[in-house]
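K.L.:
Structure provided below as structure tokens; questions to follow.
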Amino acid sequence: MKALGFIEVSGVVAAVDALDIMCKSANVQFVTWERKLGGRLVTVIVTGPVSDVTEAIENAKNACHGLVCASNVIAAPHEETARMVMLSASRLAPKAEAKPAEPKAPAAQKTTRARKPKTEE
């Protein structure tokens with residue numbers, strides 16, 4: 001991992017817009033995103049060469065349609081920092097590694113009693 005770029009914006013739509021701007025403007029790859037406060041604050045994390053990550057973050061800050069709350073570029077992140085980011089990214093990985101579910105036996109059919117019609121007395 002050469003560099004990590006973080007941008008925190010207000011709202012999911014602004015986060016997708018920022019990611020689109022970053023990926024189109026520089027040679028960066030999406031790593032993960034974190035949503036807080038019910039999606040009102042979203043942090044998007046990208047990786048790539050330091051100059052590309054810096055350019056991508058600056059372009060997103062200038063062109064994003066949402067409020068940019070914070071941004072940062074970490075060149076050559078420490079292995080613990082990279083591990084924390086990869087832990088977050090593992091949430092997005094498909095569950096293909098999970099053990100496939102075993103087929104369930106068909107459920108027994110429920111029988112219902114017919115109610116006796118009420119008789120008028």
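K.L.:
In segment 56-98, which residue that is at pLDDT below 90 and of a type in the set (K, R) is nearest to V31 (Cα to Cα)?
P.N.:
R91
K.L.:
Restricting to segment 1-11, what's the tally of residues that are of a type in the set (A, V, I, L, M) and in a loop (DSSP other than H, G, I, E, B)?
P.N.:
Counting residues in segment 1-11 that are of a type in the set (A, V, I, L, M) and in a loop (DSSP other than H, G, I, E, B) gives 1.
K.L.:
Among the strands (runs of 3 or more DSSP E) contained in segment 12-95, which hold 1 or more residues that are free of Cβ contacts under 8 Å to residues at least 40 places away in the same chain and surrounded by 14 or more Cβ atoms within 10 Å (Cβ to Cβ)?
P.N.:
Ranges flagged: 29-36, 41-48.
K.L.:
Can you name every residue in segment 68-83 that is under 13 Å from I57 (Cβ atoms) and of a type in the set (V, I, T)?
P.N.:
Correct list: V68, V73, I74.
K.L.:
Then there is this: Is it the case that some residue within segment 45-55 is over 26 Å from E79 (Cα atoms) and over 15 Å from the mean Cα position of the chain (by Cα)?
P.N.:
Scanning segment 45-55, I find no residue that is over 26 Å from E79 (Cα atoms) and over 15 Å from the mean Cα position of the chain (by Cα), so the answer is no.
K.L.:
Go through (1) among the polar types (S, T, N, Q); (2) more than 15 Å from the chain's Cα centre (by Cα); (3) within 20 Å of A76 (Cβ to Cβ) and name the single condition T32 misses.
P.N.:
(2)
The values are calculated or read from the model by the stated rules, or taken from the named source; none is laboratory data. None of the values given here were measured: they were computed from a predicted structure. As a convention, Cβ positions derive from the backbone with ideal geometry for all residues, glycine included, and neighbour counts pool all protein chains shown.
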